[in-house]
Amino acid sequence: TPKNLSASSPSPDKLLGGLLSSASDESSCQSRYKSNLYRKPSPFPLSPYLAQKLRKYEAYHKKCGPGTKRYRRAIKQLKSGRNADDSECKYVVWFPCNGLGNRMLTIASTFLYALLTDRVLLTHVAPEQEGLFCEPFPGSSWVLPGDFPENNPHKLHIGAPESYANMLKSGAVRNDDPRSVPASSLPPYVYLHVEQFQLKLSDNVFCDEDQAMLSKFTWMILKSDSYFAPALFLTPMFEEELARMFPQKEAVFHHLGRYLFHPTNRVWGIIRRYYEAYLARVDEKIGFQIRIFPEKPIKFENMYDQLTRCIREQRLLPELGTVEPPANTTSGEAGKVKAVLIASLYSGYYEKIRGMYYESPTKTGEIVAVFQPSHEEQQQYTSNEHNQKALAEIYLLSYCDKIAMSAWSTFGYVAYSFAGVKPWILLRPDWNKEVSEVACVRSPSVEPCLHSPPLLGCRAKRDVDVAAVKPYVRHCEDVGFGLKLF
Ligand code: GDP
């Protein structure tokens, strides 16, 4: 880890090997070039093909994005009530669902989908999300303008008549012979509802027939609660392109997330102040993220016990001793400082771990310093200030050398994926138990987990275990039926 790193020291590779465009203005979004100085270099080399693809996308977005005459023309067509015959610019409009971690995973998935299908990505930014992220695409905006005609999030649900699955059912579209369908005979937009339904991904469209049909629509509106990027890898027509973009499949979110998400100067201020105050000068940083889900409550004592078991078994922190190490200790570890960063809505874990290392010495003479930036007590999806802190903590966690996190949490997925660090996952107790027998397991991949798998082949009647047939997909450590690229 670079020690005593000052945020102003210029990096030899600010653009992360070509991941970031050089066309962005540095001062309006300082985190874009500074944040990565707080991390070790990425263990995943970027494919030049992906870099090229991103530059091409940026030019396309600039040509078709909000404020351009092409955008105005496309909006006019949308209002006309019919799809266009052949349009120069196509769009996918992302609508939010759930908390910040979920949103970041679905934005990245939607962006990957946009790259694969030549669509411009626009995001509906709700008040609680305003001012969190910088514009990712130089010279343009990814924010959906407020006067977008289909701006009502309440229309977007599994039963919406505009959803692709429902249009197939009602006969408004057919997918048996997409080539014979004139584009202008289609409705003005299509809605894709990519959410978990009965443990599966609904509106299952990850097959060639459906994609051929969907590509005819100029406008697509998409809402998802799932990291559906792995599902794109299961679509035959995307396979070759994805292989060129991501020679290492486990680095999909790692690269796309680092490309897309840059905290605004305001949030970066929170991150930078905290990092410089508590983390910049330590020898090692260890992040613990403890997430208790309201629908699956775990008693504090049980969670705390599981965390300390994980720490002990995986040797994440130095053991406690009973006697002070002698003053002339020469052990290589003595005097080194390990920082523990805790992200949690509650302060109890921090209090207890800090107390432990305050009251007792470590056997090696190492110093353990424990920090927790905030404890918000309640999750508040609709508070902007709350989300600023959540984003800051995701970033602070992502600067850690080791990360242990709660099962099922997208908040944690984003942090370890940014870091490029394989996490230890604190497993959920079995459904009929209060305590998990295994405290934690190490994930072999830095990819997030897709909690609800799609059906292979879309309208196939038989349910195939994707992980058994695709060598680059496995089940997640924390979600048995979930899928993860590796
Ligand atoms: P998930 O529900 O764990 O998958 O993660 P999400 O990010 O989608 O939703 C959880 C939300 O709860 C976050 O976005 C935060 O608003 C809040 N939250 C959960 N854990 C923490 C935490 O450790 N720190 C802060 N500041 N907020 C948290």
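Here are some notes:
- Scanning segment 361-386 for residues that are under 16 Å from Gly99 (Cβ atoms), among the charged types (D, E, K, R) and assigned to a loop (DSSP other than H, G, I, E, B) yields Glu376, Glu377.
- From Glu195, Glu150, residue being at pLDDT below 95 and under 20 Å from Thr410 (Cα atoms): Glu195
- Condition met for Lys352 (assigned by TED's automatic domain parsing to the domain that holds Lys296, surrounded by fewer than 24 Cβ atoms within 10 Å (Cβ to Cβ), away from the ligand (no atom under 15 Å from the Cβ) and in a strand (DSSP E or B)): no
- Residue satisfying condition, being touching a residue at least 12 places away in the same chain (Cβ under 8 Å), more than 10 Å from the ligand (Cβ to nearest atom) and part of a helix (DSSP H, G or I), within set Tyr358, Tyr399, Tyr395: Tyr395
- Close Cβ contacts (under 6 Å, 6 or more residues apart or on different chains) running from residues in segment 95-107 that are touching a residue at least 40 places away in the same chain (Cβ under 8 Å) to residues that are of a type in the set (Lys, Arg) and more than 9 Å from the ligand (Cβ to nearest atom) comprise Phe95/Lys223; Cys97/Lys223.
- Those residues of segment 235-272 which are open to solvent by 10 Å² or more (accessible area, probe 1.4 Å) and not in a helix (DSSP H, G or I), in sequence order: Pro247, Gln248, Thr264
- Which listed residue is modelled with pLDDT of 95 or more and away from the ligand (no atom under 16 Å from the Cβ), from Lys363, Lys389, Lys338: Lys338
- Scanning segment 465-475 turns up no residue that is free of Cβ contacts under 8 Å to residues at least 24 places away in the same chain and within 16 Å of the ligand (Cβ to nearest atom).
- When the residues of segment 60-100 are filtered to those that are within 15 Å of the ligand (Cβ to nearest atom) and in a loop (DSSP other than H, G, I, E, B), the one that is nearest to the chain's Cα centre (by Cα) is Gly99.
- Scanning segment 455-470 for any residue that is assigned to a loop (DSSP other than H, G, I, E, B) and buried (at least 21 other Cβ atoms within 10 Å of the Cβ) turns up nothing.
- Test result for Ser185, in contact with a strand residue (DSSP E or B) (Cβ under 6 Å, 6 or more places away or on another chain) and of a type in the set (S, T, N, Q): no
- The single condition among (1) in contact with a strand residue (DSSP E or B) (Cβ under 7 Å, 6 or more places away or on another chain); (2) closer than 28 Å to Arg459 by Cα; (3) acidic (Asp, Glu) that Asp118 does not satisfy is (1).
- Residue within segment 426-437 that is assigned to a loop (DSSP other than H, G, I, E, B), touching a strand residue (DSSP E or B) at 6+ places or on another chain (Cβ under 7 Å) and at pLDDT 95 or above present: yes
- Qualifying residues in segment 292-315 (those that are open to solvent by 50 Å² or more (accessible area, probe 1.4 Å) and of a type in the set (Lys, Arg)) - the one nearest to the ligand (Cβ to nearest atom): Lys296
- Output for segment 101-125, where each listed residue is within 14 Å of the ligand (Cβ to nearest atom) and open to solvent by 10 Å² or more (accessible area, probe 1.4 Å): Asn102, Arg103
- Hey, Ala23 among the hydrophobic types (A, V, I, L, M, F, W, C), part of a loop (DSSP other than H, G, I, E, B) and more than 16 Å from the ligand (Cβ to nearest atom) or not: yes
Every residue, every condition in (1) hydrophobic (A, V, I, L, M, F, W, C); (2) farther than 24 Å from Tyr275 by Cβ, yes or no:
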{"site": "Val323", "(1), (2)": "yes, yes"}
{"site": "Ser360", "(1), (2)": "no, yes"}
{"site": "Gly365", "(1), (2)": "no, yes"}
{"site": "Glu376", "(1), (2)": "no, no"}
{"site": "Asn384", "(1), (2)": "no, no"}
{"site": "Lys389", "(1), (2)": "no, no"}
{"site": "Glu393", "(1), (2)": "no, no"}
{"site": "Ser398", "(1), (2)": "no, no"}
{"site": "Ile403", "(1), (2)": "yes, no"}
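- Residues in segment 255-285 that are within 15 Å of the ligand (Cβ to nearest atom) and closer than 25 Å to Lys338 by Cα: Ile270, Ile271, Tyr274.
- Selection within segment 173-210 - of a type in the set (Gly, Ala, Ser) and surrounded by 15 or more Cβ atoms within 10 Å (Cβ to Cβ): Ala183, Ser202
This table checks each residue for (1) basic (Lys, Arg); (2) farther than 29 Å from Pro297 by Cβ; (3) in contact with a Pro (Cβ under 8 Å, 6 or more places away or on another chain); (4) surrounded by 19 or more Cβ atoms within 10 Å (Cβ to Cβ).
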residue	(1), (2), (3), (4)
Ala392	no, no, yes, yes
Tyr395	no, no, yes, yes
Ser406	no, no, no, yes
Ser417	no, no, yes, yes
Gly420	no, yes, yes, yes
Pro448	no, no, no, yes
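The values are calculated or read from the model by the stated rules, or taken from the named source; none is laboratory data. Being a predicted model, the structure only gives us computed values, none of them experimental. Virtual Cβ from ideal backbone geometry, glycine too; neighbours counted across all protein chains shown. When the accessible area is computed, the model is the full protein with side chains, heavy atoms only, and any ligands, DNA or RNA have been set aside. Shrake-Rupley method; radii C 1.70, N 1.55, O 1.52, S 1.80 Å.
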